[in-house]
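Values quoted throughout were computed directly from the atomic coordinates according to the rules given, and no laboratory measurement underlies them. Source: prediction; values computed, not measured. A quick note on method: Cβ atoms are made from the backbone with ideal geometry, for glycine too, and the neighbour counts reach across all protein chains shown.
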Amino acid sequence: MALPMAAPLTAQEANSDIDVYGSALTEGPKVEGMITARESDRIQVTTENGQATTIIVDEGTEVKASGGFLGLGSKALNTAQLMNGLPVEVETLQFQGGLVAKQVKLKSSDLETASMIRGATQQQFAEHRADIDENTAAAEALRGRMGTIDQYNVRGVTNVYFDSGKWNLTGEGQREICNLATQAEQMDNALLLVVGYTDSVGDQDYNQVLSERRASRVVNYLQQECGWEPWRMLTPTGMAEADPVADNSTAEGKAQNRRVSVNILVSKATEEG
């Protein structure tokens, strides 16, 4: 998305940092969300409810990343590291009818993830997905024996939901996943298909990887905590923002679309045979 260019500063403004970043300016709102567009000296931050705000950033903007034990450590960054897909908290000042970023706070772990998504090679992606690819050969062989997806009956579906930009499971999500696995264990020849999704916030590349990470997290939990055998899974996948179940123009709709769908499948040939 192209953003408008910043208005040129007057000579007085250009020569006096205090007029732009000092106490003479009125405090603006605190904006918390995800960077969804970046051009030159401006970023667009979209909140969880879908509101987009354009904010000016330049050498006067302080950028801090927190990390380490309990998030107590912090380090200074520069504005060049503010990229699409990065969750941020921005303290602003009002300036010429717009907003200037006084300070941008972010998490080091989020920066690492966004950087990986932006510039990773296929090898780096493979390293992050190793946990869901270990059993691909067995899953593909099983799928070959049992046919294509339209040759399955769906015997149960559970959706688990995620916060914006996140892929960690809630306690409720963990319980629902294991409950589904227990249900599937009672069915002969049942397989599980895991599909991850996102809402419409963020660009396509970011959402593709985010949906895959959500699917991967669910697969890991199924196998490591719920005792589901790896060979009884079809290849998991991420679908980004495809197949929304609700309207992405509302916060409620976005929350419903940030999901992983876990499906119990049984071969039609097995049931009919």
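Here are the numbers for this structure:
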quantity: Relative packing of peptides 217-227, 82-92 - highest average C-beta neighbours within 10 Å first; calculated: 82-92, 217-227
quantity: Inter-label distance for Met187 and Gln96, nm, one decimal - labels placed 7 Å from Cα along Cα-to-Cβ; calculated: 6.1
quantity: Reachable lysines from Lys30, criterion Cα separation under 25 angstrom, eight or more residues apart if same chain; calculated: Lys64, Lys75, Lys102, Lys105, Lys107, Lys166, Lys254
